[in-house]
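Have a look at the structure below, then the notes.
The values are calculated or read from the model by the stated rules, or taken from the named source; none is laboratory data. Please read all numbers here as calculations on a predicted model, not as lab measurements. Don't worry about glycine lacking a Cβ; one is built from the backbone with ideal geometry, like all the others, and counts go over all protein chains shown. Ligands, DNA and RNA are excluded from the accessible area calculation, which covers all protein heavy atoms including side chains. Shrake-Rupley method; radii C 1.70, N 1.55, O 1.52, S 1.80 Å.
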Amino acid sequence: MLSTENSTVKDLSIALTSWSHGCSAISKKSKITLSGLDHSNTDKTIDDLFFANLPGHVSLSEKASNELQAYEVVDSGTLRNSFYIAPFLSHTDIQRCFLRIKVTGRCVVQLSKSRVGEKVGVICEKQLSPPKNHDENTPYIAEVPFILGKEVARSARLFWRLRALEDGVQIHEVSWCASAPKTVEGKMLVAMRTFGRTADIINLLESFATHAETNEHYDQMLKNTFFFVLDTTNGVDETSYEQLSQYDNLNYQVVRGANLGGGGNMSQLMRLVNEASEDSGVEPQEFLLLDDDLSISLEALYRHWAATLFRTDTTIFTLPVFMKTEPRRMWEDGAFWGRFIDSKHGSDRTHVAPRLLRHGLVFNMFDNLDSLAEPNYPEYCTFIFFSLPWKLFQSIGYPLAIFLRGDDIEYSLRSYAMTGSKIMSNPNLLAWHEPAHSYAQEYMSICHGVIINMCYEQEKPNALVEFFLNQALRHASIRDINALKLYVEILRDLMSKTVFLENGFATHYIAKLKFFKEFDTGFRQLTHEIINDLRASHSDQMGVLAEHPFLYPNIENRTNIRTVILHNPHSKSYFIYTFDDIERTKEVSQILSELYALIHEFSNHYEELRLHYISRVNRSSTAEFWDKELSMHDTTATLAHNN
C-alpha cells in the first residue's frame with residue numbers, strides 16, 4: 001500500500017469525491033445519444049472521410065451555418081459519420097433506437113444500411129415538415145425509429161441522407177439515439193501519462209472543452225468524465241497547466257512523478273488512482289487509458305462513453321488507428337502477437353512481431369467502409385486507446401515494469417488468460433497517431449517480445465533461435481555493425497536475468513536509450529536528388545549500391561557491393577557507408593563471433609530463462625512491486641486540478 005501520507009492520493013481522493021457528487025446517472029427509458037455528428041475536421045483534403053463529397057452535396061465540417069439550398073444533400077455514409085451497430089448488438093442490451101433530427105425547414109431523410117457483398121438497402125424514407133402551428137423559422141425535432149437485430153443485421157453500418165426541399169433548410173443536429181435499457185451511473189475515468197508532451201496534453205483537453213460548447217449532448221459525458229494526468233516531463237511545475245483553469249466543464253487533476261517510461265508510468269498512474277478510489281469510495285464504471293500524442297475528437301470520446309454505458313460483459317474496447325502523416329491510411333485495428341504472420345507457423349506464437357489487422361487500408365469516401373462493419377476481435381490492442389471496466393482492471397493487476405514497447409501486448413494477453421475478456425475494436429471511433437521505430441525501440445520490442453513469448457505459449461526456443469540466426473545473416477551480408485551490436489545487446493541482457501522486470505528498471509532503460517542514440521547519429525536527411533546521384537554513380541562494373549531498410553533487410557547476395565545505404569522510413573533518414581572496408585570487416589567478424597555464442601547459450605538455457613521471466617512477470621504486475629518501486633523515487637505532487 002502506498003504511504004498514507006502521500007498527498008497526491010489525498011488530493012485525488014478529494015477530487016474524485018467532488019467529481020462523483022457532480023455526476024448524473026442515466027435513467028432507465030431515458031433518451032440517450034449513442035453517436036452524434038463528427039464535424040470536427042479542419043483539413044479540407046480529407047473532408048470526404050466526414051461527409052460525402054459528391055456533386056450537389058454539402059459538408060457540415062466546421063461550418064458556422066449548416067444551411068442548405070433546395071435539393072442540396074448531406075450524406076453521412078462516411079468513415080466518421082456512419083453508424084456501426086456491432087458493438088451495441090454484441091456487448092450491450094440496447095435494442096430500441098431512433099435517428100433524431102433537429103432541423104429548420106422542409107426536407108426528406110433517408111435511412112439506409114450497408115453490408116459487405118450486398119447492395120445498399122433503404123430502411124425507410126421520411127418527409128419532414130414543421131408541425132402544425134409551428135413557426136417555420138424555428139427548429140423542430142423529428143425521430144425515425146428502428147430496432148437493432150430486427151430491421152438491422154449485426155454486421156451492418158447505417159447512414160442517413162438528408163435532401164432539402166426548399167432554400168434555407170438548416171441542420172442543427174442529427175444523432176443516433178436509444179432508449180436506456182437500465183439505469184447506470186455512467187462514470188468514466190480517463191488516464192493519461194506523458195513525458196515531454198505537456199503541450200499535446202493541454203491542446204487535447206482544450207479541444208475537448210471548446211468543442212463541448214457546440215453540442216448539448218456532450219454536457220453529461222463531460223460531467224461524468226474525470227481526466228487524470230501524470231506528467232513526468234523535466235521542469236514541469238504548477239504554472240504548466242494554468243490555462244486549463246479557464247474551463248469549468250473539465251474535471252481533471254494533473255500530478256508530477258518520476259519518469260518510468262510508457263508501461264512504468266501507466267502503472268504509476270494506475271496505482272495512484274486505485275489508492276485514491278479506495279480512499280474515497282468512488283469507483284468509475286469505465287477506465288480508459290489514453291496516449292498523449294494522439295489526435296481524437298470529442299465526438300469519438302463521447303461515442304466511446306455511450307457504447308460502454310450499458311455493458312453486458314467485460315470486453316476491452318479499442319479503436320482503429322490511422323497515420324497522422326497519411327491521414328487516409330489505417331496503421332492498425334488491433335493485432336495478433338507473434339501469430340498468423342506466415343503459413344509455416346500459423347496460429348503458433350513463434351514470432352517476435354505483430355500481425356497488424358487492416359494494416360495499410362486506404363480510405364477514400366466510401367472505400368472499405370463495409371469491411372469495418374464486420375466485428376473485429378484482435379488479440380491485443382495498443383495503449384493509444386485501451387478501455388476496460390474498472391472491476392476488470394482490479395482483477396488483472398498492473399502493466400509490467402517495461403519502459404516502452406510490449407506493455408500493452410502483455411496486458412492484453414494477461415487479461416484474456418486470467419478472465420477470458422475479449423478485445424473489440426469499435427469502428428465508430430478513430431484516432432490519428434504516428435508510428436515510429438529506432439534502434440532503441442527495436443531493442444525494447446525484441447527483448448520484451450521474447451519475454452512475452454516465453455510467458456505465453458512459446459515453450460521451445462527453436463523459432464526464436466531461427467529469428468536471431470536470420471537477423472545475424474541479414475545484417476552480416478551488408479556488414480551492418482550497428483544492427484549486429486543491437487542483437488548482441490538484446491541477448492546479453494536477456495541472459496543476464498538482472499535487468500528486466502526488476503525494481504529500479506528505469507535506470508537500465510535510460511542508459512540503453514542513450515547508448516542506442518549514438519547509432520542514430522550517422523543517419524542524415526537526404527533529398528531524392530542526392531540519392532539518385534548516388535544510384536547513378538554505381539554500376540555492375542564500378543561496384544553496386546545496396547539499398548536496404550535499417551532493420552530487417554533482405555539477405556544481400558551480390559559480391560560486387562561498393563556502398564550501402566540504410567533507410568529509416570519513420571525518420572526519413574539515411575546512413576551511408578563503404579562496404580569493402582577492412583576495419584569494418586574485422587569488427588563484423590568479432591561481433592558475429594559473440595552473437596553466435598550468445599544464440600547458442602540462449603538455446604541451451606531457454607527453459608531456465610522461461611521460468612525466470614514467468615516468475616518476474618507475475619511479480620512485477622502486483623501492487624507490492626509497484627509500491628516498492630514508487631518508494632524508490634521522489635513523491636508525486638499535484639500540479640493542477642479544477643475542484
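Translational diffusion coefficient of the stretch 210-321 at 25 °C, 0.890 mPa s, Stokes-Einstein with Kirkwood Rh over Cα pairs, in µm²/s as a whole number. Show your work: numbers first, answer last.
Working: Rh = 16.0 Å.
The Stokes-Einstein estimate is 153 µm²/s.
Calculate the tail of P(r) for the stretch 529-643: the fraction of all Cα-Cα distances greater than 24 Å, expressed in %.
On the way: 3939 of 6555 pairs.
The calculated P(r) of the stretch 529-643 puts 60 percent of pairs beyond 24 Å.
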- Do you know the relative contact order of the stretch 30-180, to the nearest whole percent, from alpha carbon pairs under 8 angstrom that are 6+ apart? 38 percent
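Roughly speaking, to the nearest percent, how much of the stretch 390-473's 1.4 Å accessible area is carbon and sulfur? Kindly include the intermediate steps, with their values, before the conclusion.
Numbers: 1390 of 2450 Å².
Carbon with sulfur: 57 percent of the solvent-accessible area.
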- Place +1 on the Cβ of every Lys and Arg and -1 on the Cβ of every Asp and Glu in the chain, take the dipole about the Cα centre, and give the residue among L260, N53, L12 whose Cα lies farthest towards its positive end. N53
- Message: Between the stretch 177-226 and the stretch 302-335, how far is it from one alpha carbon centroid to the other, in angstrom?
- Response: 15 Å
- Note on the structure: extent check for the stretch 575-643: Cα max minus min per principal axis, descending, whole Å, gives 66, 37, 19
- Message: Give me the dipole magnitude in Debye, nearest 20, for the chain about the Cα centre, with unit charges on the beta carbon: positive for Lys and Arg, negative for Asp and Glu.
- Response: 1560 debye
- Query: Suppose every K and R has +1 on its Cβ and every D and E has -1 on its Cβ; what is the size of the dipole of the stretch 491-550 about the Cα centre, in Debye to the nearest 20?
  - Reply: 360 debye
- Query: Using the Karplus equation 6.51 cos²θ - 1.76 cosθ + 1.60 (θ = phi - 60°), what ³J(HN,Hα) coupling, rounded to whole Hz, does each residue of the stretch 620-631 give in order, writing x for Gly and Pro?
  - Reply: 7, 9, 9, 4, 4, 4, 6, 5, 5, 4, 5, 5
- Message: What are the ³J(HN,Hα) couplings of the stretch 113-129, residue after residue, when phi is run through the Karplus curve with 6.51, -1.76, 1.60 and θ = phi - 60°? Round to Hz, x for glycine and proline.
- Response: 9, 8, 9, 4, x, 10, 6, 4, x, 8, 7, 6, 9, 9, 8, 10, 9
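How long are the semi-axes of the equivalent ellipsoid of the stretch 454-623, defined as square roots of 5 times the Cα gyration tensor eigenvalues? Whole Å, largest first. Provide the component values of the computation, followed by the final result.
Numbers: eigenvalues 254, 71, 36 Å².
The three semi-axes for the stretch 454-623 are 36, 19, 13 Å.
Can you put S415, S395 in order of accessible area, largest first, using a 1.4 Å probe?
Working: S415 0, S395 60 Å².
Highest to lowest solvent-accessible surface, that is S395, S415.
Given contacts defined as C-alpha pairs under 8 Å and at least six residues apart, what's the relative contact order of the stretch 454-623, whole-number percent?
That works out to 36 percent.
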- Message: How large are Rg and Dmax for the stretch 398-540 when calculated on the C-alpha trace, in angstrom?
- Response: 19.1, 61
- Task: For the chain, find the longest principal axis of its Cα atoms and tell me its angle to the long axis of helix 407-419, 0 to 90°, nearest 10.
- Result: 70 degrees
- Message: Quick check on the chain: helices-only [θ] at 222 nm, where DSSP H runs of length 4 and up contribute -39,500 (n - 2.57) each and the sum goes over total residues. Nearest 500, please.
- Response: -10500 deg cm²/dmol
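With viscosity set to 0.890 mPa s at 25 °C, what whole-number translational diffusion coefficient in µm²/s follows for the stretch 111-208 from Stokes-Einstein and a Kirkwood radius over Cα pairs?
Working: Rh = 18.4 Å.
After rounding, the answer is 133 µm²/s.
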- Note on the structure: For the table K31/K102; K485/K517; K182/K223; K517/K586; K187/K628, the rows whose alpha-carbon distance is greater than 25 Å are K187/K628
- Item | Shape box of the chain [Cα atoms, principal axes, largest first, Å] | 92, 68, 46
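Pairs of Cα atoms under 8 Å, at least six residues apart: use those to get the relative contact order of the chain, whole percent. Display every interim value, and only then the final one.
Values: 1290 pairs, mean separation 104.8, N = 643.
Over the chain, the number comes to 16 percent.
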- Would you pull out the residues with amide H under 5 Å of H172's amide H, same chain only if 5 or more places away, H placed 1.01 Å from N? K102, V103, T104
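Take every Cα-Cα pair in the stretch 30-180 and report what % of them are more than 22 Å apart. Write out the running numbers ahead of the final one.
Details: 4513 of 11325 pairs.
That tail contains 40 percent of the Cα-Cα pairs.
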- Note on the structure: For the chain, dividing by residue count, accessible area per residue (probe 1.4 Å) in Å² works out to 41 Å²
- Message: Under a Cβ-only charge scheme (Lys and Arg +1, Asp and Glu -1), can you give me the dipole magnitude of the stretch 296-423 about the Cα centre, in debye to the nearest 20?
- Response: 200 debye
